[in-house]
Amino acid sequence: MILAETPRRKLVTQLVNWGHWFALLNIVIAVTIAAIYILNSPAPGSAVGTFYLFTNWISHIGFLTFFGFVILILPLCYLVPNAKAVKVLSSVLAALGLALLAFDALLYNKYGVHLSINSAQLIRNETQTAMAQFGWQQWGFLLLLFVVWLSFQLIVANALWQRIGRLQKRKLGLPISSFFVSCFVISHALHVWADAKLYQPIVQQDNMFPLSYPATAKTLMAKYSLLDIEDYQQRKALQFNKTINGITYPADPVYCSVDSSKKVLLLSLVAGEMPTSIVGLSKFEHHYLLQSSLEYGITTVLYGLPELYHDALQKYSPLLLQIPSSLGLNVSLYLDNTKNQQLRTYQQNWQQFKQNLFNASSNLSVGFVKAEQLNELLTESVLSQYQVIVTNLVAQNPLNNSLLTNISVNKSMTSLEDLAPTALHLMGCAAQTTTYSTGDTLTQKSKLNYIVSTQGSKVLLLTNEQRIEIMSNGNVRVFDLNTGDEAFSQVNTNILSQGIKHLSHFSAKRSNKPYK
């Protein structure tokens with residue numbers, strides 16, 4: 001008896017073979033798209049970290065794409081009897097899947113988060129904003145872009161189908177699959193080692209790619225006495241490794257004009273006791289002092305950036321002073337004993353600073369004063385002519401600080417990083433604050449529902465209820481914002497990732513661009 005292969009079985013075999021090659025091509029495309037994650041993340045900083053990045057990039061993105069093929073396209077090869085229908089459906093699924101990956105990559109590039117339930121509110125807000133701004137031309141362009149992308153998938157699908165016989169003769173399946181499996185095993189083995197050793201160049205990559213859950217084996221290693229878990233926890237709590245060694249300031253060129261009729265006074269108390277109230281100024285309670293020293297607080301006020309960047313900022317003039325001065329406005333700065341050479345141009349002695357303020361000849365006055373000097377400056381005349389912000393840099397309890405001002409504060413929480421962008425905004429500068437500061441304007445509601453900064457070796461993230469301390473190796477401690485007691489509760493990792501991404505915006509990953 002002669003056993004012949006049925007036409008249906010022959011078609012299924014061809015479709016399955018075609019599907020594997022179609023999946024391989026889309027793996028290559030997906031890996032290329034995923035390069036966006038790498039280009040917008042800090043470099044590993046070591047050969048081992050770079051090798052892990054390569055193997056994890058190839059294997060993880062390859063696995064996600066192949067997994068999508070197995071659950072979405074492979075069943076079609078067995079269930080749909082028409083080859084043309086399988087190719088069309090597979091092309092649509094592949095186009096949608098890669099478009100979703102590209103959207104996630106762009107979301108990570110801008111906000112440091114991936115598509116998830118936790119980021120749904122952020123995506124919804126951004127979508128509503130985009131839809132409100134889009135006209136029919138933009139929608140037409142997006143539709144055309146997807147049609148082109150889908151057409152490319154259809155062309156590739158047909159080209160592979162026509163050449164499936166020749167491709168099968170090349171016997172490339174085993175070496176290709178071996179390469180991806182090797183990358184998968186190596187990347188996870190390296191992560192197990194790095195997690196046990198707290199090797200920062202590898203551990204810092206944990207949230208880089210979507211749906212990434214790299215292997216760890218602390219419990220298993222401790223069980224067989226290969227890891228001292230107590231020593232591990234201690235080293236994890238103490239280890240810190242700065243990954244940002246330089247700065248791009250501003251992050252992009254700053255273009256704005258200022259209003260010569262505006263007058264702004266920004267005062268920071270550096271000695272003495274902050275008055276609980278001043279006639280003519282309102283008190284805002286939810287203001288937080290997160291810097292670890294007075295010097296860091298002064299630099300944060302002037303530059304609007306956390307102390308993570310302060311060493312690198314010494315060669316830059318603060319845009320808070322430079323922009324209005326370069327546009328012809330009178331800028332006054334009172335600051336004793338500064339080591340920053342960039343501030344000497346604007347610096348005045350106490351009598352000059354006070355006289356310019358009382359004469360209302362200064363458009364922007366920034367003073368770091370003692371308590372008695374503060375009382376001397378805040379006269380009825382000054383308060384009537386200037387938009388005033390007063391903050392304290394020597395608070396006994398930095399998490400129970402206050403801010404005095406005669407402007408309307410619309411943010412729910414504020415920090416020192418908000419002062420520089422607020423002063424420039426009050427003077428009429430409409431430039432995006434993200435180009436020169438990690439803070440935001442006090443008079444406008446912020447898109448972020450938290451405050452993020454650095455303090456010594458820690459990243460601090462404050463929500464309405466919690467103070468979260470993050471070491472650079474990923475160790476996290478949570479405290480109740482009101483009582484200061486440690487809270488052993490779950491932390492939203494998307495918010496942490498977004499906060500750290502927000503801080504990294506000014507890291508030196510590109511050449512410096514001058515402001516204009």
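The values are calculated or read from the model by the stated rules, or taken from the named source; none is laboratory data. What you see is a predicted model, and the numbers here were worked out from it, not measured in a lab. With ideal geometry, Cβ positions are generated from the backbone for all residues, glycine too; neighbour counts draw on all protein chains shown.
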Subject >> Search result, residues across region 16-29 that are surrounded by fewer than 16 Cβ atoms within 10 Å (Cβ to Cβ) and modelled with pLDDT of 90 or more >> reply: Val28
Original post:
Of all residues in region 317-350 being in contact with a strand residue (DSSP E or B) (Cβ under 8 Å, 6 or more places away or on another chain) and among the hydroxyl-bearing types (Ser, Thr, Tyr), which is farthest from Glu372 (Cα to Cα)?
Top reply: Ser325
Subject >> Output for region 344-365, where each listed residue is under 40 Å from the mean Cα position of the chain (by Cα) and buried (at least 18 other Cβ atoms within 10 Å of the Cβ) >> reply: Tyr346, Gln348, Phe353, Leu357, Ser362, Asn363, Leu364, Ser365
Original post:
What are the residues in region 307-343 that are farther than 25 Å from Leu378 by Cα, charged (D, E, K, R) and part of a loop (DSSP other than H, G, I, E, B), if any?
Top reply: Lys339
Subject >> Only listed residue being closer than 30 Å to Tyr450 by Cβ and in the same structural domain as Leu448 (by TED's automatic domain parsing), chosen from Leu319, Leu327, Leu378 >> reply: Leu319
**OP:** May I ask you to list pairs of residues, at least six apart or on different chains, whose Cβ atoms are under 9 Å apart, with the first in region 250-263 being farther than 20 Å from Tyr316 by Cβ and the second being among the hydroxyl-bearing types (Ser, Thr, Tyr)?
**Re:** Lys263/Ser362; Lys263/Ser365; Lys263/Tyr386
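Go through region 263-283 residue by residue and tally those that are polar (S, T, N, Q) and either touching a helix residue (DSSP H, G or I) at 6+ places or on another chain (Cβ under 9 Å) or closer than 10 Å to Thr391 by Cα (or both).
Going residue by residue through region 263-283, those that are polar (S, T, N, Q) are 268, 276-277, 282.
Adding the requirement that they be either touching a helix residue (DSSP H, G or I) at 6+ places or on another chain (Cβ under 9 Å) or closer than 10 Å to Thr391 by Cα (or both) leaves 268.
Result for region 263-283: 1.
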**OP:** Tell me, yes or no, whether region 251-259 has at least one residue that is closer than 24 Å to Val48 by Cβ, at pLDDT 60 or above and buried (at least 19 other Cβ atoms within 10 Å of the Cβ).
**Re:** no
Original post:
Within the set of pairs 6+ apart or on separate chains, which have a first residue in region 190-215 that is under 16 Å from Ile500 (Cβ atoms), a second that is in a loop (DSSP other than H, G, I, E, B) and of a type in the set (D, E, K, R), and C-beta atoms under 6 Å apart?
Top reply: none
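Has region 165-186 got any residue that is assigned by TED's automatic domain parsing to the domain that holds Val16, of a type in the set (Phe, Trp, Tyr) and in a loop (DSSP other than H, G, I, E, B)?
Checking region 165-186: not a single residue is assigned by TED's automatic domain parsing to the domain that holds Val16, of a type in the set (Phe, Trp, Tyr) and in a loop (DSSP other than H, G, I, E, B).
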Subject >> Residue list for region 371-388, restricted to those being of a type outside the set (Val, Ile, Thr) and either touching a Pro at 6+ places or on another chain (Cβ under 6 Å) or part of a helix (DSSP H, G or I) (or both) >> reply: Ala371, Glu372, Gln373, Leu374, Asn375, Glu376, Leu377, Glu380, Ser381, Leu383, Ser384, Gln385
Subject >> Single unsatisfied condition, Val254 versus (1) outside any loop (DSSP other than H, G, I, E, B); (2) in contact with a Ser or Thr (Cβ under 6 Å, 6 or more places away or on another chain) >> reply: (1)
Subject >> Odd one out for Phe368, checked against (1) in a helix (DSSP H, G or I); (2) in contact (Cβ under 8 Å) with a residue 24 or more places away in the chain; (3) crowded, with 22+ Cβ neighbours inside 10 Å >> reply: (1)
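With under 29 Å from the mean Cα position of the chain (by Cα), within 29 Å of Arg124 (Cβ to Cβ) and in contact (Cβ under 8 Å) with a residue 12 or more places away in the chain as the only criterion, which of Leu64, Leu96 stands out?
On the way: Leu96 fails: in contact (Cβ under 8 Å) with a residue 12 or more places away in the chain.
From the options Leu64, Leu96, the qualifying one is Leu64.
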Original post:
Is it true that some residue in region 30-40 is surrounded by 15 or more Cβ atoms within 10 Å (Cβ to Cβ) and polar (S, T, N, Q)?
Top reply: yes
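Name the one entry in Gln387, Gln373 that is touching a strand residue (DSSP E or B) at 6+ places or on another chain (Cβ under 7 Å) and over 26 Å from Phe506 (Cα atoms).
Details: Gln373 fails: touching a strand residue (DSSP E or B) at 6+ places or on another chain (Cβ under 7 Å).
Only one candidate passes the filter, namely Gln387.
Could you run through region 344-365 and say how many residues are among the β-branched types (Val, Ile, Thr) and part of a helix (DSSP H, G or I)?
The total comes to 0.
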